[in-house]
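I have placed the structure first, in the form of structure tokens, so that the comments after it can refer back to it.
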């Protein structure tokens, strides 16, 4: 690494942007030892199972090792690694409902009852809607859920990243909440003979 944090990844080659049939591509203006080739087109997801599999992969990322180790692997206190990772998981949990409804395997009313009966789903619904909208007009909970860090008697943090979420006066270990959300979806699908 050179001073100032600059990386040298490839020889300096001037690239010009060109527009071919509405798709922007890069065109080399100097011969280089490599080429640009488009990836083969991928199919658009059309099945709720693809979203469920994606949710499973996010769950594996969070449950396969110590989540606190993942969070604390980034030592910059200003970096919100934990919230980015959890939000990605929560968003995939939340989007599964839309996939199920759009695939016509579950009715909207069943989903609404499922969410109304489980506080864990309300927590991640408010996290997702709160991240999407500037202001949350109709929250699922009486107060916004938020991350909590353990502190000592001098109010000094005992951990680099939060390990809990507080919602409506109750505290939820992040790992347990993630596992519970996944378990709830599996049970919901199993009861309908979809899993």
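A short reminder: the numbers here are calculations on the coordinates, not readings from a lab. For clarity, every value in this text was computed on a predicted model and none was experimentally measured. For neighbour counting, all protein chains shown are included, and Cβ atoms are generated from backbone atoms with ideal geometry for every residue, glycine included.
With a point put 7 Å past each Cα toward its Cβ, work out how far residue 168 is from residue 148 in nm, to one decimal.
1.5 nm
Going by the alpha-carbon gyration tensor, a ≥ b ≥ c the square roots of its eigenvalues, is region 128-180 rounded (a/c under 1.5) or, if a/c is not under 1.5, prolate (a/b greater than b/c) versus oblate?
Prolate, since a/c reaches 1.5 and a/b exceeds b/c.
At a Förster radius of 22 Å, what calculated FRET efficiency corresponds to the Cβ-Cβ distance of residue 110 and residue 138, to the nearest 0.05?
After rounding to 0.05, the efficiency reads 0.60.
Determine the gain in length on full extension of the stretch residue 53-residue 159; use 0.36 nm per residue of separation and subtract their C-alpha separation, reporting nm with one decimal.
Extending this stretch completely gives an extra 35.0 nm.
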